[in-house]
Amino acid sequence: MQGLMQDWPLLCHRVIDHAAIQHGNREVVSRSIEGPIHRTNYRDIRKRALKVAQRLEKDGIKLGDRVATLAWNTWRHLETWYGITGIGAVYHTINPRLFPDQITYIVNHAEDRLMFLDTTFVPLMEKLQDKLTIQRYVILTDRAHMPQTRLRNAVAYEEWIDEVNGDFTWASFDENAACGMCYTSGTTGNPKGVVYSHRSNVLHSLMALTPDAFDLSVQDTIMPVVPFFHANGWTIAFSAPMAGCRLILPGMKLDGVSIYELLEGERVTMTAAVPTIWLMLLNHMETNNLKLSTLRRVLIGGSACPRAMIEKFEKNYGVTVAHAWGMTEMNPIGSICAIKPDYDAKDVEAILDVKAKQGAAPFSVEMKIVDDSEKELPWDGKTFGRLKVKGVAVAKAYFKGEGGSILDENGFFDTGDVATIDPYGNLQITDRSKDVIKSGGEWISSIDLENLAVGHPKVMEAAVIGVRHPKWDERPLLIIIPKKGESPTREEILGYMEGKIAKWWMPDDVVFVEEIPHTATGKVLRREVRARLT
Ligand code: ADP
């Protein structure tokens, strides 16, 4: 017997329709690439997205075609997402911090036909265009700010959308159709394309709204500092309009001063980004003795959030931290930390210990940890194993079948992370499996050591790598960037760590540096650190 409810495909354009009808006046505020703050609302975003859709069709873009975006978070970028998906084409976000060769590879692999780009990326694309599949470049600006360019069929976005009247109806198609695309950073082999569907985006964004996840309501003002090009922009381009939140888009200025200015000036209540961004903000606020008056929640993921960072946000600024783990292949959220009633976490310190974990799977994600023979390991908070996941918004294959079959016989995807899961279902990431330090047949977590080291008041940032050792196979080496004006000694740092970790986890040495290289998504680039120091 079938249910007798209506068939209402979960298509992304329904999100902006809903926002325009129910929350039409709600503001979308951007720091424009040109400089000034720009204000619009969901009603106008929808109107202009319809023009984008209509204009794309005029340029011959069809269902399933890939359209690249190389842009920071602004209202125009948001409009392109809805315009592209509204005709069943596929937005392909490109991280501008990738090497030019990687950009060339992924554009051609995706066979992108048209690209929307910010003015700042025009010189880069001029250098690459002869090698690319792209037939037209739409530059996200108006006629007045349009740069002189020899990009193929280049046009200013505002002029381009003004060539149509917006009298257009969204296309209709299957909810499993491709919607967006994002390439993994490809630390091993070539980058691989993850293809989100309309269904996975809608279901995932609904999940993201729930109280133990983003906790969003119509009362909120959310600022995704995480760029749209990082792992599907953590779904905020959909979840914010779904909930009818005011949306603040920070453009290209992601330094502490600019972020603070928007957090306070626009009365932001919820924000999201990787730890390196928050490091800059916290430094700026500490140096200038500033406070946060409206922010209540900050979502931190992409790399492990040190306990010391959670402590600062919560104790010094009264902001709740939601520590999340995820990956491009997961749409991207896999877990978020909430203090379940099962914990006997009565005091602040015990709560902070739990919050340093990456949290529990929300509904729609299943997880398990396994050993090398695929045997499931216990959820005791101590045993670590390879983390595998399954769910409505987890990849089942890469674009063009790259890398072959990626699921095990039970349909689980191997995340490449090593983790423990505690009896209440909260996971803690130990490392990427390739980064765990194997010492004397046991594993040492570089993440745990880094998190401990940044708790020292003179430490700005820390990285840990494994270095070859004749007896123990590998031993940890700690690399430190001291805070401005501080010069901690090796003994001070190791003394601080003593007693907080097992003796054999203690780094063999400490190296002080001025800079630690990061990947395009703000992770410590261990390969590069290793190459520089060993
Ligand atoms: P990229 O590889 O392009 O940076 P992803 O965002 O997909 O893109 O990276 C996913 C990986 O980032 C995860 O598999 C995990 O190793 C790491 N990661 C993400 N969030 C966390 C977190 N909260 N703690 C520790 N590691 C994290």
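The table below lists the values:
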{"quantity": "Value in Å of the Kirkwood radius, where the stretch 179-295 supplies the Cα pairs that are averaged", "calculated": "15.4 Å"}
{"quantity": "For the chain, alpha-carbon Rg relative to the globular expectation (2.2 N^0.38 Å, N residues)", "calculated": "0.97"}
{"quantity": "Met460 long-range amide H proximity, modeled H, under 5 Å", "calculated": "Ile481, Lys483"}
{"quantity": "Rg ratio (alpha-carbon, reference 2.2 N^0.38 Å) - the stretch 112-256", "calculated": "1.22"}
{"quantity": "Listed peptides 261-272, 2-13, 300-311 by packing density, highest first (mean Cβ within 10 Å)", "calculated": "300-311, 261-272, 2-13"}
{"quantity": "Qualifying GluC sites (Glu not before Pro) for the stretch 31-108 [loop in DSSP, other Cβ within 10 Å: at most 12]", "calculated": "none"}
{"quantity": "Distance in nm between pseudo-label sites at Thr294 and Lys471 (7 Å out along the Cβ direction from Cα)", "calculated": "6.0 nm"}
{"quantity": "Packing-based order for 467-476, 317-326, using average beta carbon neighbours within 10 Å, highest first", "calculated": "317-326, 467-476"}
{"quantity": "Reachable lysines, given that their alpha-carbon falls under 16 Å from the alpha-carbon of Lys51 and they are not under 8 places away in the same chain", "calculated": "Lys62"}
{"quantity": "Radius, Kirkwood style, for the stretch 302-407 when every pair of distinct Cα atoms is counted (Å)", "calculated": "15.7 Å"}
{"quantity": "The stretch 319-417 - percent of accessible surface contributed by carbon and sulfur, probe 1.4 Å", "calculated": "54 percent"}
{"quantity": "Sparsely packed chymotrypsin sites (Phe, Trp or Tyr not before Pro) within the stretch 152-204, loop by DSSP, other Cβ within 10 Å at most 15", "calculated": "Phe173"}
{"quantity": "Carbon/sulfur fraction of accessible area - the stretch 271-314, other protein chains in place, 1.4 Å, %", "calculated": "55 percent"}
{"quantity": "Accessible area, probe 1.4 Å, largest first, for residues Met115, Met1, Met252", "calculated": "Met1, Met252, Met115"}
{"quantity": "Neighbour cut-off at most 10 other Cβ (10 Å), DSSP loop, GluC sites (Glu not before Pro), the stretch 358-447", "calculated": "Glu409"}
{"quantity": "Full-extension gain in nm, Met460 to Met1, via 0.36 nm per residue minus C-alpha separation", "calculated": "159.1 nm"}
{"quantity": "Restraint check, Lys192/Lys355; Lys315/Lys484; Lys127/Lys400; Lys58/Lys131; Lys368/Lys396, Cα-Cα greater than 20 Å", "calculated": "Lys192/Lys355; Lys315/Lys484; Lys127/Lys400; Lys58/Lys131"}
{"quantity": "Solvent-accessible area of Ser405 with every protein chain in place, 1.4 Å probe, in Å² to the nearest 10", "calculated": "100 Å²"}
{"quantity": "Whole-number accessible area per residue in Å² for the chain, which is evaluated in the context of all protein chains at 1.4 Å", "calculated": "42 Å²"}
{"quantity": "Apportionment of accessible area to carbon and sulfur, the stretch 46-128, percent (1.4 Å)", "calculated": "55 percent"}
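The values are calculated or read from the model by the stated rules, or taken from the named source; none is laboratory data. Model, not experiment: these values are computed from the prediction. Positions of Cβ are generated from backbone atoms using ideal geometry, with glycine treated the same way; all protein chains shown enter the neighbour counts. Remember, those area values only see protein heavy atoms, side chains included, never the ligands or the DNA or RNA. Shrake-Rupley method; radii C 1.70, N 1.55, O 1.52, S 1.80 Å.
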